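Structure record follows, encoded as structure tokens.
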Ligand SMILES: *Cc1c(COP(=O)(O)O)cnc(C)c1O
């Protein structure tokens, strides 16, 4: 038995997938983003679950992730957001992955390999329409596409871009960017290329801007039941958080007033009370920056974290929660008896965003999968 673990609710993942698909514009298909081990939820379990829901396109950051998906029996389109370097190209052909491209030499190398192996490789052209990150600029699109279409064995499976501000209150920049994307698609000769998928929308754009869905929509965070950004729909929209982070108390002790707690005695008790010891710490993603800030759930109530969080040990105060004993379950993220600690709340204590909390907790702890039966409709 693990002393701390993340619980992944696959029924909640299925639920979120259905909720999001209902909100797709007519004709748009979902590309489920499962990079970074599905934001800490476990890439293979997440992808299998989503494939079971009928999802036929997946997004990963790197080639090796795509290979793992294929080896686990995932079918359909697998788009590799960071593209493929020379060394990983053989894996791309062997497993039928679709790399993102943004460099002519890259396209030429893919073409050479395609000709050698007799396989046609689909690529997605990444255009920087305002993200200020990966991709060619709109002015380069026409020339790049002409070059690409000349390369044997390579076909344009998609033209994609990304929003930097779909999660902010002002919709102006995203609408303006989508107009530029429409222009880019014209330059890419969208009309001539049947089967070329246009895609730009992430979770925030999926939920807020149906007019930017185009052919493919790429939700990540919303599939995992979390809010994309702080504005507009934090936690709402009928999505269910998929991840919880749990542990069990290993000791409860009565202490007098004036007891210094953990390294540096950054917390000193002001009254007689009870402290409880948790068998986890910053090694498990419960970062030291959370010291004297975080709260956890015990017996459905909030208990404050006390003193410095250590590598493998964390102290909490349970003075105001009657009956706490060693062995009691503790929830560091997620719900317990109607009370909840959200990834957004933890992110606030850590000075970061919910995405980082999911990756950190999820990729630092053993995962336990649950798929509770859904209520009958
Ligand atoms: C990570 C990523 C997404 C998903 O973004 P969310 O905000 O999690 O929905 C979509 N597209 C690209 C290119 C990404 O890198």
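The values are calculated or read from the model by the stated rules, or taken from the named source; none is laboratory data. No experiment lies behind these values; they were computed from the predicted model shown. Positions of Cβ are generated from backbone atoms using ideal geometry, with glycine treated the same way; all protein chains shown enter the neighbour counts.
Flag set for residue 318, criterion: more than 23 Å from the chain's Cα centre (by Cα), away from the ligand (no atom under 16 Å from the Cβ) and within 28 Å of residue 256 (Cα to Cα). Checking each residue in the range 50-73 for being farther than 16 Å from residue 96 by Cβ and touching a residue at least 60 places away in the same chain (Cβ under 8 Å) picks out only 50.
Quick check on my filter: what residues within the range 95-109 are in contact (Cβ under 8 Å) with a residue 40 or more places away in the chain and either out of contact with any strand residue (DSSP E or B) (no Cβ under 6 Å at 6 or more places or on another chain) or more than 16 Å from the ligand (Cβ to nearest atom) (or both)?
Within the range 95-109, 104, 107, 108 meet the criteria.
The residues in the range 64-89 that are in a helix (DSSP H, G or I) and within 15 Å of the ligand (Cβ to nearest atom) can be counted, and the count is 2. Within the range 31-45, if we keep just the residues that are surrounded by fewer than 24 Cβ atoms within 10 Å (Cβ to Cβ) and part of a helix (DSSP H, G or I), the residue that is nearest to the ligand (Cβ to nearest atom) turns out to be 35.
Is it the case, given these coordinates, that residue 83 is within 18 Å of residue 110 (Cβ to Cβ), touching a helix residue (DSSP H, G or I) at 6+ places or on another chain (Cβ under 8 Å) and at pLDDT 95 or above? Criteria met by residue 83. When the strands (runs of 3 or more DSSP E) confined to the range 198-304 are screened for residues that are surrounded by 21 or more Cβ atoms within 10 Å (Cβ to Cβ), those reaching at least 1 such residues are found at 243-248, 273-278, 295-298. Against the conditions (1) away from the ligand (no atom under 16 Å from the Cβ); (2) in contact with a strand residue (DSSP E or B) (Cβ under 6 Å, 6 or more places away or on another chain); (3) under 21 Å from residue 215 (Cα atoms), residue 92 satisfies every one except (3).
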